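Accompanying notes for the structure given below.
The values are calculated or read from the model by the stated rules, or taken from the named source; none is laboratory data. Just so you know, these numbers come straight off a predicted model, no measurement behind them. Counting neighbours? That spans all protein chains shown, and the Cβs are built from the backbone with ideal geometry, glycine included. With ligands, DNA and RNA removed, areas are computed over all heavy atoms of the protein, side chains included. Shrake-Rupley method; radii C 1.70, N 1.55, O 1.52, S 1.80 Å.
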Amino acid sequence: MSDVTLTNVGKVYEGGVRAVEAVNLSIADGEFCVLVGPSGCGKSTTLRMIAGLEEISEGTLEISGVRVNDLPAKDRDIAFVFQNYALYPHLTVAQNVAFGLEQRRTHGNALTALLTGANAARAKESAAIAARVTEVSKTLGLNELLTRYPRELSGGQRQRVAVGRAIAREPKVFLFDEPLSNLDARLRIETRTELRLLHRRLRATIIYVTHDQEEAMTLADRLVVMHRGVIQQHASAQECYERPANRFVAGFIGTPPMNIVDGRVENGVFECNGARISLDARWTTTTKACAIGIRPDRLRLGAAHLEGALLATIVAVEHLGDRTDITLDSAWGRLTARVDADSAREMREGTAVGVTLDVQHAHLFELGECGARLNGA
Ligand code: ADP
C-alpha cells in the first residue's frame, strides 16, 4: 500500500510568504491524482513537500500510514520527474534508466566486491539491473534507443527516458511536476495518453502537477483544484465540471470557461442590469444577490426579439471545425456560446440574437471569487 495523506499541511517560506494553507488531502493507493490551478497557487510547493525537497512548516505528511515529515527525500521511496527531464548527458539511455538502480547496489563497485568476495552477488545484481532496464524499455518503447545519448533524442523521447528512470526503481509513489510543458502541443497529447496507459499498467500512486486544466482532466482519477494555497475541490474531472464546488472551480475547469454573471435572483428570475431570465423551479423561493454560471454549450441563440430571451450582438465567430465559439455582447456583459458547425453557418458578426439558457444546467454561486455553489430548493 502506498497511500499519501496530508493533514493540515501548510507552508510558510522564509520571509513570510504563505504558499500553502492547511491542506487536507488523502490520495489512495494506485490513484492518479493531479494538482491543478493557476500559476502561484501552491501546487509545486505541495508536491515538493511530499517529495521531501521542501520543509513542511505545519501539519503531518504520511506515506503508507507512516509519518515522514522528517524523513530525508532519498529515504521516502519516491520518484520525481521534473519538467526539464534532468538526464545525465554523458550517460546512454540504458545507463540513465539504470542509474537509480546502480545507486542502490548493496555490493558496491568491482574493487570492493573483489576485496569482500562478493563477486557472485555483484554479478547477480548486474543481471537483475539489466533485466529491469530491458523490461522498462519495453514498456516505454525505448528498446531501439538504449545506446543513444540524451543529445541524440527528441524532447518526447527524453521525457520517456526520464519516466523510465523513475519507474525502474519501482518506487511507492511517483511525483511529476509539469513533465510535459517543454513538449510541443502534439507530443504533449501523445505523451499524456502514454502516461495514462502506463498508470493503468503499473497501478502506482501518481501525484502530478500541471497548470493546464485540460491535461489535468484527461489524466486524473481525481483532480485537486487549488487557488491561493487552498484546495477548492478534490473530485473526479466530471464532478468538478458538472458540480463545481464554487465559482473559482466553475471558471477554471472547462474550455471555453463558464459564463459567470453577477446579479440577483428573485421569484425564480435572475436579473442583471435590468435584463431578466426565468430560472427553473429550484430557485422560486430564493431571493439574494448572487452570480449565475452557465457553460457556453448551454446557451441557445435564436431570433433577436424572442420572448424571454436576452438581447445580444455577435462580436466574434470562431470556427473550430466540429464546433464554433460565438462571442456576444449583452446587458449581462460579454458571453461565450458554443454551437455546432451547422447552426454556426447562419451566425454573422454584428448581428443581433436572442439568448436563452438551458436553465436546468445553470448554477448559482455566492458572490465573490470563491463563492460557494448554491444548491437551490
Ligand atoms: P505553483 O506551483 O502553483 O505555480 P508554487 O508552489 O511554486 O506555485 O508557489 C506558491 C507561492 O509560493 C507563490 O506565491 C510563490 O511566489 C511562492 N514561492 C515559491 N517558492 C518560494 C520560495 N522559495 N521562497 C519564497 N516564496 C516562494
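Observations on the model:
- Dimensionless Rg ratio for the range 162-227, taking C-alpha atoms and the 2.2 N^0.38 Å reference: 1.08
- Where labels lie 7 Å past Cα in the beta-carbon direction, separation of residue 75 and residue 90 in nm: 3.1 nm
- Global size of the chain as Cα Rg and Dmax, reported in angstrom: 26.0, 93
- Interchain or long-range residues, amide H under 5 Å from residue 232's placed H: 225, 226, 227
- Kirkwood-Stokes translational diffusion coefficient of the range 257-365, alpha-carbon pairs, 20 °C, 1.002 mPa s, µm²/s: 153 µm²/s
- A Cβ-based charge dipole, computed about the Cα centre of the chain with Lys and Arg at +1 and Asp and Glu at -1, lands at about 1060 debye.
- Spin-label model distance (nm) - residue 7 vs residue 367, 7 Å beyond Cα toward Cβ: 4.0 nm
- Taken over the chain, lysine pairs spaced eight or more positions apart, or on distinct chains, with alpha carbons under 25 Å apart number 10.
- Portion, in percent, of the accessible area of the chain that falls on carbon or sulfur, probe 1.4 Å: 49 percent
- The range 268-346, dipole about Cα centre (Lys/Arg Cβ +1, Asp/Glu Cβ -1), debye to the nearest 20: 340 debye
- Per-residue HN-Hα couplings for the range 235-247 [Karplus 6.51, -1.76, 1.60; θ = phi - 60°; Hz; x = Gly/Pro]: 6, 5, 4, 5, 4, 4, 6, 7, 10, x, 5, 7, 5
- Each residue of the range 324-334 was assigned a 3J(HN,Hα) from its phi angle through the Karplus expression (A = 6.51, B = -1.76, C = 1.60, θ = phi - 60°), giving 9, 9, 10, 9, 10, 10, 8, 5, 8, x, 7 Hz with x at Gly and Pro.
- When DSSP beta bridges are restricted to pairs lying wholly in the chain, around 75% turn out antiparallel.
- For residue 29 and residue 282, a Förster radius of 30 Å and the Cβ-Cβ distance give a FRET efficiency of 0.20, rounded to the nearest 0.05.
- Whole-number accessible area per residue in Å² for the range 4-247, which is evaluated in the context of all protein chains at 1.4 Å: 47 Å²
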